[in-house]
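Participant: First, the structure itself, so that you have it in front of you.
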Amino acid sequence: MSRGHFNKHAVDYDQYAHIQRRIANTLIQEIPKGIFPKRILEIGAGTAYISQQLMGIFPNSEFYICDPAPQMIEVAKEKLGNKAQYQTCELPNNDQGFDLIITS
């Protein structure tokens, strides 16, 4: 799918992303127990479902959300506010030393 397609459907994306949530929940379950990442990067975050879930697991972590579709980033900002830093990108501009990188 193209960036334009995701931009067009960003507002209602969560309503239809059932399979994506199942995959994301499986990924989250695969994160090793006993780790305490200081900095977490979600690549291709869309509306930041994974980061939202990880905030409950790692409440003291810093979150960085990256997605190439600006409207998806806007929806993520509406959901998470200032709990994360956001960047419209396919990959972040610089390596800030992340302890956990996740993407679905």
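The values are calculated or read from the model by the stated rules, or taken from the named source; none is laboratory data. For clarity, every value in this text was computed on a predicted model and none was experimentally measured. Counting neighbours? That spans all protein chains shown, and the Cβs are built from the backbone with ideal geometry, glycine included. For accessibility, only protein heavy atoms count, side chains too; no ligands or nucleic acids. Shrake-Rupley method; radii C 1.70, N 1.55, O 1.52, S 1.80 Å.
Participant: Give the number of residues within segment 59-79 that are open to solvent by less than 40 Å² (accessible area, probe 1.4 Å) and not in a loop (DSSP other than H, G, I, E, B).
Facilitator: Looking only at that region, the number is 9.
Participant: Can you tell me which residues in segment 70-104 are more than 12 Å from the chain's Cα centre (by Cα) and small (Gly, Ala, Ser)?
Facilitator: Answer for segment 70-104, where residues must be more than 12 Å from the chain's Cα centre (by Cα) and small (Gly, Ala, Ser): Gly81, Gly97.
Participant: Does at least one position in segment 29-52 carry a residue that is without any contact (Cβ under 8 Å) to a residue 24 or more places away in the chain, among the acidic types (Asp, Glu), open to solvent by 50 Å² or more (accessible area, probe 1.4 Å) and part of a helix (DSSP H, G or I)?
Facilitator: Within segment 29-52, not a single residue is without any contact (Cβ under 8 Å) to a residue 24 or more places away in the chain, among the acidic types (Asp, Glu), open to solvent by 50 Å² or more (accessible area, probe 1.4 Å) and part of a helix (DSSP H, G or I).
Participant: Further, regarding this structure: Across segment 82-100, what is the number of residues that are open to solvent by less than 100 Å² (accessible area, probe 1.4 Å) and in contact (Cβ under 8 Å) with a residue 24 or more places away in the chain?
Facilitator: 7
Participant: Of everything in segment 80-91, what is over 17 Å from Ile102 (Cβ atoms) and either in a loop (DSSP other than H, G, I, E, B) or of a type in the set (Lys, Arg) (or both)? Give them in sequence order.
Facilitator: Within segment 80-91, none qualify.
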